[in-house]
């Protein structure tokens with residue numbers, strides 16, 4: 001996958017935007033009419049653009065504060081130093097608030113204990129596409145933990161079509177459910193509101209089995225934050241542990257990770273196995 005798509009989809013572009021805005025804030029404090037003023041103005045525009053492209057579901061009130069603070073600092077660059085310092089201070093505080101909001105979703109959670117089996121509900125990223133010699137990531141994990149992995153990934157699965165598959169699992173105490181879904185919904189143009197409604201129903205069923213649930217965040221193209229907002233808000237509602245989107249994007253990145261730009265090669269499956277392995281704590 002192209003490095004630019006990885007930069008955007010992983011969410012790294014959000015942090016690039018935060019850093020760029022901080023550069024604007026700091027360079028603008030003492031800027032005169034020369035290059036520092038132009039740097040501050042350019043960095044402010046580039047920073048807010050990167051955050052917009054990141055599909056990070058920043059709360060509406062915080063997003064408006066970012067826009068207002070950016071506009072305010074652009075205007076403040078024409079003020080005298082004293083007034084400018086106050087505006088730039090507010091600007092910096094708003095930038096840091098956005099960073100504090102996103103940081104918990106960027107960090108890895110604590111590993112989930114597995115006393116039983118790992119059940120996988122997923123699409124073709126996890127089922128594989130059947131090329132000669134393919135060793136999907138669940139098989140690689142099962143070789144390490146024989147009999148502890150059950151993979152019911154189905155190519156082409158969407159959130160809306162996966163409920164029946166979920167209900168086929170026979171969960172036992174100590175099991176863990178891993179969900180890797182949503183890519184086909186995204187590629188199929190499913191509206192964000194419909195995705196949210198279907199995911200709510202699926203996670204509601206999963207919650208009825210009373211087992212821990214891990215769910216991959218989706219690496220997203222620009223302006224599709226409704227998907228990630230749905231995942232995060234519903235994860236909080238049902239107590240689901242999210243695997244940060246940067247982890248999924250890292251699996252797809254780099255030469256040789258995929259066979260077609262999306263579906264995993266054996267090397268990519270190995271990377272996916274490593275991501276899931278670090279999220280689990282087998283007894």
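Bear in mind that the values in this text are calculations on the coordinates, not laboratory data. As the structure is a computational prediction, the values presented were derived from the model and not from experiment. As a convention, Cβ positions derive from the backbone with ideal geometry for all residues, glycine included, and neighbour counts pool all protein chains shown.
Would you work out if the chain is rounded, prolate or oblate? Take a ≥ b ≥ c from the square roots of the eigenvalues of the alpha-carbon gyration tensor; rounded if a/c is under 1.5, else prolate when a/b is larger than b/c, oblate otherwise.
It comes out prolate by the Cα gyration axes.
Starting from 0.36 nm per residue, how many nanometres of slack lie between residue 197 and residue 37 once their C-alpha separation is accounted for?
In short, 52.9 nm is gained.
Using every pair of alpha-carbon atoms in region 95-149, split the distances into 5 Å bins beginning at 0 and state the percent of pairs per bin, rounded to integers.
In whole percents, the pair-distance histogram is 4, 14, 15, 16, 15, 10, 10, 8, 6, 2.
Once R0 is set to 25 Å, what does the formula 1/(1 + (r/R0)^6) return for the Cβ-Cβ distance between residue 19 and residue 274, expressed as a FRET efficiency to the nearest 0.05?
0.35
Please list, short to long, the whole-number percent of alpha-carbon pairs of region 230-275 in consecutive 5 angstrom bins beginning at zero.
5, 22, 24, 15, 12, 13, 7, 1
When Rg is the radius of gyration of the Cα atoms in region 3-106 and Rh is its Kirkwood radius, what does Rg/Rh come to?
That ratio is 0.99, to two decimals.
For the Cα atoms of the chain, what angle does the longest principal axis make with the long axis of helix 60-76, in degrees from 0 to 90, nearest 10?
30
Per DSSP helix of 4 or more residues, -39500 (n - 2.57); summed, then divided by the residues of the chain. What does that give at 222 nm, rounded to the nearest 500?
On the way: 13 runs with 163 residues, N = 283.
Per the formula, -18000 deg cm²/dmol.
Measure off 7 Å from each Cα along the Cα-to-Cβ vector at residue 75 and residue 97, then give the distance between these two points in nanometres to one decimal.
For residue 75 paired with residue 97, the spin-label model returns 1.7 nm.
Quick one: Kirkwood hydrodynamic radius for region 48-172, alpha-carbon pairs, angstrom, one decimal? If you can, show how the numbers build up before the last one.
On the way: mean 1/r = 0.0520 Å⁻¹.
Value: 19.2 Å, from the Cα pair sum.
If packing is taken as the average count of other Cβ atoms within 10 Å, what order do 124-130, 184-190 fall into, highest mean first?
124-130, 184-190
If packing is taken as the average count of other Cβ atoms within 10 Å, what order do 277-283, 39-45, 211-217 fall into, highest mean first?
The packing order, highest mean first, is 211-217, 39-45, 277-283.
Report Rg/Rh for region 156-264, rounded to two decimals, where Rg is the Cα radius of gyration and Rh the Kirkwood radius.
Here the Rg-to-Rh quotient is 0.96.
Please determine, in degrees from 0 to 90 and to the nearest 10, the orientation of helix 192-208 with respect to the longest principal axis defined by the Cα atoms of the chain, where the helix direction is its Cα long axis.
In the chain, helix 192-208 runs at an angle near 50 degrees to the longest axis.
Relative to the first principal axis of the alpha-carbon coordinates of the chain, what is the inclination of helix 35-53, with its axis defined by its Cα atoms, in degrees from 0 to 90 and to the nearest 10?
Approximately 30 degrees, to the nearest 10.
What order do you get for 49, 65 when you list them from fewest to most C-beta neighbours inside 10 Å?
So the residues, fewest neighbours to most, are 49, 65.
What percent does the relative contact order of the chain come to when contacts are Cα pairs within less than 8 Å and at least six residues apart?
On the way: 469 pairs, mean separation 68.4, N = 283.
Dividing the mean separation by the residue count of the chain yields 24 percent.
For residue 259 and residue 233 in the same chain, what is the full-extension length gain: residue separation times 0.36 nm, less their Cα-Cα distance, in nm?
My answer for the length gained is 6.1 nm.
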